[in-house]
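Worksheet: one structure, shown below.
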Amino acid sequence: MALISRLLRHEREPSMYGDEESGIPPDHLYGFEDARWAFGEANYVMEVVEELLREAEGRRARS
């Protein structure tokens, strides 16, 4: 999950603003498959975190 987080963070700025030095807009840097990959990775992290939160809540309720 740390690797996924680092990869997504690294791509965040250019995916929003493009390459400002060369004037390339984000839609010319990234395509549909890039978006699909990022969404899938972010969704995986969210599912893992939600499961961990459910487990923690269950432990807290039993205490």
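Rule-based calculations on the coordinates, nothing more; no lab input. Note that this is a predicted model, so its numbers are computed, not measured.
Scanning residues 5 or more positions from residue 19 or on other chains, those with amide H under 5 Å from its amide H are 24, with H placed 1.01 Å from N in the peptide plane.
Extension gain, residue 35-residue 48: 0.36 nm per intervening residue step, less the Cα-Cα distance, totals 2.7 nm.
A simple rule links phi to the HN-Hα coupling: the Karplus curve 6.51 cos²θ - 1.76 cosθ + 1.60 with θ = phi - 60°, which for region 38-52 gives 4, 5, x, 5, 5, 5, 4, 4, 4, 5, 5, 5, 4, 5, 4 Hz, with x for Gly and Pro.
Karplus-based coupling profile of region 53-63, in residue order and whole Hz: 5, 4, 4, 5, 5, x, 5, 5, 5, 7, 7, with θ = phi - 60° in 6.51 cos²θ - 1.76 cosθ + 1.60 and x standing for Gly or Pro.
Working out 0.36 nm times the residue gap between residue 28 and residue 7, then minus their Cα-Cα distance, what length gain in nm do you get to one decimal? Walk me through the intermediate numbers first.
Values: separation 21, 0.36 × 21 = 7.56 nm, distance 1.90 nm.
Here the answer is 5.7 nm.
Measuring nothing but how far apart in sequence close Cα pairs (under 8 Å, 6+ apart) lie, relative to its length, the chain scores a relative contact order of 24 percent.
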